[in-house]
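Engineer: One structure, as structure tokens, below. Some questions next.
Each value in this text was obtained by applying a stated rule to the coordinates, not by laboratory testing. Every value quoted in this text rests on a predicted model; they were computed, and no experiment measured them. Heads up, the Cβs are rebuilt from the backbone with ideal geometry, glycines too, and the neighbour counts pull from every protein chain shown.
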Amino acid sequence: MSFYQFPNDFCWGVATASYQIEGATEEDGRQASVWDTFSATPRKVLNGDTGKVACDHYHRYEDDVKLMASLGIKHYRFSIAWPRVVPDGSGQVNEAGVDFYKRLVDCLLKYGITPHATLFHWDSPQALEDKYGSWRHRQMAYDFADYVTAVVSRLGDKVTNWMTINEISCFTHMGYDVEQEAIHAPGTRVSSKKEVWQTSHHAILAHGLACQAIRAATPVPCKIALVDNMSVTVPISESPANIEAAKKALHTSMQNGGIIFPVLTGAYSSAMLEELGEMAPDIQPGDLEIIHQALDAIGLNIYTGGYVRATDNNRGYEFLALPQGYPRMYMPWLNILPESIYWGVRHISETLGHPNLPVFITENGCAAQDEVNAAGEIIDLDRIMYLRQYLKAAHRAVSEGYPLKGYFLWSFMDNFEWAWGYGRRFGITYIDYATQQRIPKASFEWYKECIRQNSVV
Ligand code: PNW
């Protein structure tokens, strides 16, 4: 038995998202999402790439699920496209769109893979953007809840693990900007920070309303989680003073204070509200109760983190800049901090006051150069190096008794990497976009062996 042995019930999985893999954007009644519009706009996405075809998963899902089964995973996290299910964003349900997810779920179950469905991974209906500015308007949260009811009442007999919304900051604070046109869809330039904060307030409200909608619509008991990309503070060393500093810094980080704090504690962090002043969002009476729903788990997408140390200034902490040349994976933000997994899990438990809330790493992985060699293989030793370090940190969290229950690798296959188009690859399966051929990379075989041995090898 290896030192890095995981508990027998640890969930090994892989993750994807609808717009990044499905393609078939105009099929079976699907209408445009904001990412269709955004990617069709010149100079928004690298090389003018769009999700029109992507991995053609909409037609190839059976082969993809078969390949997943060969990997040995028992859990698959995917997302459902709102504009397939409710093409106009609100109103009529498109049963043909729902049917795709029924086929997918049946196929997963046939191969013994448990579906974990994310109800929103950034593909807002363009119709609602046109109608009232999507996340800028409070109505978006209510229309989202209605769409959630439509999904859960149709798929809830077979899907019992629901994730409401993926990475709220990435489609609000990155979709709306004051300084420039934002880099994620809808790419809107707004006139004040308050308007940006209003979009994320509407999104956390949507999460709360969705939790209520799921509980009301589910035909069988189910589990609900939010998926958040909390910015993880990591103490430079584990002295009591530096650990304390990392905990304090978590409270005041803008992104955490306005998203995971209200969701898990029922209040925006006061430090953040103070810093925002007049730029804070309008919060209506009762909003925080809706937002602060009891959850069955929290999903964390953890790729990197930030180092913090104790200081004797009045805040008691400072964030540390990384030296030039600090190792990172093939994305400007992807600094290698394996212990961010450990600290992410520990912060939920200790800093955010949820010692028993099950935590899932709902995404972890990296981009790499991924060249096909003369033998037609992709020997991505850099990705294996990255994954091995992060999984060892996950093991540490488990072995110290923190409730980390599972790990979903991002991603099962290369896909449409948002503003980077197909110019960045995060998969453990290579996609030859010209032929749609799937080629498992060396990391696929490596991960398969981890799963088989239930251990980091
Ligand atoms: C996540 N950052 O996005 C998303 O959930 C995925 O859809 C995406 O493909 C994956 O991570 C890789 O990027 C992120 O700036 C976007 O730190 C930006 C950041 C992190 C994650």
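Engineer: Are any residues in segment 260-315 out of contact with any strand residue (DSSP E or B) (no Cβ under 9 Å at 6 or more places or on another chain) and of a type in the set (Phe, Trp, Tyr), and if so, which ones?
Structural biologist: Those that are out of contact with any strand residue (DSSP E or B) (no Cβ under 9 Å at 6 or more places or on another chain) and of a type in the set (Phe, Trp, Tyr): Phe261, Tyr268.
Engineer: Given the condition of a type in the set (S, T, N, Q) and surrounded by fewer than 23 Cβ atoms within 10 Å (Cβ to Cβ), answer yes or no: does some residue in segment 412-433 qualify?
Structural biologist: Restricting attention to segment 412-433, the residues satisfying the condition of being of a type in the set (S, T, N, Q) are 415, 429.
From what's left, surrounded by fewer than 23 Cβ atoms within 10 Å (Cβ to Cβ): none.
Scanning segment 412-433, I find no residue that is of a type in the set (S, T, N, Q) and surrounded by fewer than 23 Cβ atoms within 10 Å (Cβ to Cβ), so the answer is no.
Engineer: I'd like the residue in segment 234-260 that is within 14 Å of the ligand (Cβ to nearest atom) and either surrounded by fewer than 24 Cβ atoms within 10 Å (Cβ to Cβ) or of a type in the set (Ser, Thr, Tyr) (or both) and, out of all such residues, is nearest to the chain's Cα centre (by Cα). Write out each step before concluding.
Structural biologist: Initial filter on segment 234-260 (within 14 Å of the ligand (Cβ to nearest atom)): 253-256, 259.
Within this subset, residues satisfying the condition of being either surrounded by fewer than 24 Cβ atoms within 10 Å (Cβ to Cβ) or of a type in the set (Ser, Thr, Tyr) (or both) are 253-255.
On the way: Ser253: 19, Met254: 18, Gln255: 15 Å.
This residue is Gln255.
Engineer: For Phe120, work out the one condition from (1) crowded, with 24+ Cβ neighbours inside 10 Å; (2) not in a loop (DSSP other than H, G, I, E, B) it doesn't fulfil.
Structural biologist: Only one criterion is unmet by Phe120, namely (2).
Engineer: Within the set of pairs 6 or more residues apart or between chains, which connect a residue that is farther than 17 Å from Thr37 by Cβ inside segment 167-192 to a residue that is part of a loop (DSSP other than H, G, I, E, B) and within 13 Å of the ligand (Cβ to nearest atom) with Cβ atoms less than 7 Å apart?
Structural biologist: The qualifying pairs are Glu167/Asn229; Ser169/Asn229; Cys170/Trp122; Cys170/His184; Cys170/Asn229.
Engineer: Specify which of the listed residues (Leu71, Leu67) is touching a residue at least 24 places away in the same chain (Cβ under 8 Å) and either among the aromatic types (Phe, Trp, Tyr) or in contact with a helix residue (DSSP H, G or I) (Cβ under 6 Å, 6 or more places away or on another chain) (or both).
Structural biologist: Matching residue, one of Leu71, Leu67: Leu71.
Engineer: Please go through segment 139-179 and pick out each residue that is farther than 30 Å from Val220 by Cα, within 16 Å of the ligand (Cβ to nearest atom) and out of contact with any His (no Cβ under 7 Å at 6 or more places or on another chain).
Structural biologist: Ser169, Thr172, His173, Tyr176, Asp177
Engineer: Return the residue satisfying two criteria in turn: it lies in segment 210-228 and is out of contact with any strand residue (DSSP E or B) (no Cβ under 9 Å at 6 or more places or on another chain) and part of a helix (DSSP H, G or I), and of such residues it is farthest from the ligand (Cβ to nearest atom).
Structural biologist: To start, the set of residues in segment 210-228 that are out of contact with any strand residue (DSSP E or B) (no Cβ under 9 Å at 6 or more places or on another chain) comprises 212-213, 216-217, 219-221.
When the remaining residues are screened for being part of a helix (DSSP H, G or I), the result is 212-213, 216-217.
Values: Gln212: 24, Ala213: 22, Ala216: 27, Ala217: 25 Å.
Here the residue is Ala216.
Engineer: Got a sec? Which of Glu377, Glu371, Glu339 is among the acidic types (Asp, Glu), out of contact with any Asp or Glu (no Cβ under 6 Å at 6 or more places or on another chain) and within 29 Å of Thr265 (Cα to Cα)?
Structural biologist: On the way: Glu377 fails: within 29 Å of Thr265 (Cα to Cα); Glu371 fails: within 29 Å of Thr265 (Cα to Cα).
Exactly one of Glu377, Glu371, Glu339 is among the acidic types (Asp, Glu), out of contact with any Asp or Glu (no Cβ under 6 Å at 6 or more places or on another chain) and within 29 Å of Thr265 (Cα to Cα), namely Glu339.
Engineer: Collect the residues in segment 30-53 that are touching a helix residue (DSSP H, G or I) at 6+ places or on another chain (Cβ under 9 Å), part of a loop (DSSP other than H, G, I, E, B) and surrounded by fewer than 17 Cβ atoms within 10 Å (Cβ to Cβ), keeping them in residue-number order.
Structural biologist: Once the filter is applied, which keeps residues that are touching a helix residue (DSSP H, G or I) at 6+ places or on another chain (Cβ under 9 Å), part of a loop (DSSP other than H, G, I, E, B) and surrounded by fewer than 17 Cβ atoms within 10 Å (Cβ to Cβ), segment 30-53 yields Ala40, Pro42, Lys52.
Engineer: Continuing with the same structure: Mind listing just one residue for me: the one in segment 293-306 that is away from the ligand (no atom under 16 Å from the Cβ) and buried (at least 18 other Cβ atoms within 10 Å of the Cβ) and, of those, farthest from the chain's Cα centre (by Cα)?
Structural biologist: Gln293
Engineer: Could you grab me the full set of residues in segment 309-340 that are within 12 Å of the ligand (Cβ to nearest atom) and in a loop (DSSP other than H, G, I, E, B)?
Structural biologist: The answer is Met329, Tyr330, Met331, Pro332, Trp333, Leu334, Leu337.
Engineer: Also, quick follow-up: Inside segment 151-170, can you point out the residues that are surrounded by fewer than 20 Cβ atoms within 10 Å (Cβ to Cβ) and either in a helix (DSSP H, G or I) or touching a helix residue (DSSP H, G or I) at 6+ places or on another chain (Cβ under 7 Å) (or both)?
Structural biologist: Ser153, Arg154, Gly156, Lys158, Cys170
Engineer: Still on this structure, I have one more. With more than 18 Å from Ile431 (Cβ to Cβ) and part of a helix (DSSP H, G or I) as the only criterion, which of Val105, Val93 stands out? If you could, list the steps in order and put the result at the bottom.
Structural biologist: On the way: Val93 fails: part of a helix (DSSP H, G or I).
Criteria check complete, one pass: Val105.
Engineer: In segment 399-429, what residues are touching a residue at least 24 places away in the same chain (Cβ under 8 Å), away from the ligand (no atom under 16 Å from the Cβ) and not in a loop (DSSP other than H, G, I, E, B)?
Structural biologist: Residues satisfying the conditions are Leu404, Lys405, Gly406.
Engineer: Considering only segment 258-302, give the helices (runs of 4 or more DSSP H) lying wholly within it that have at least 3 residues that are not hydrophobic (A, V, I, L, M, F, W, C).
Structural biologist: 270-276
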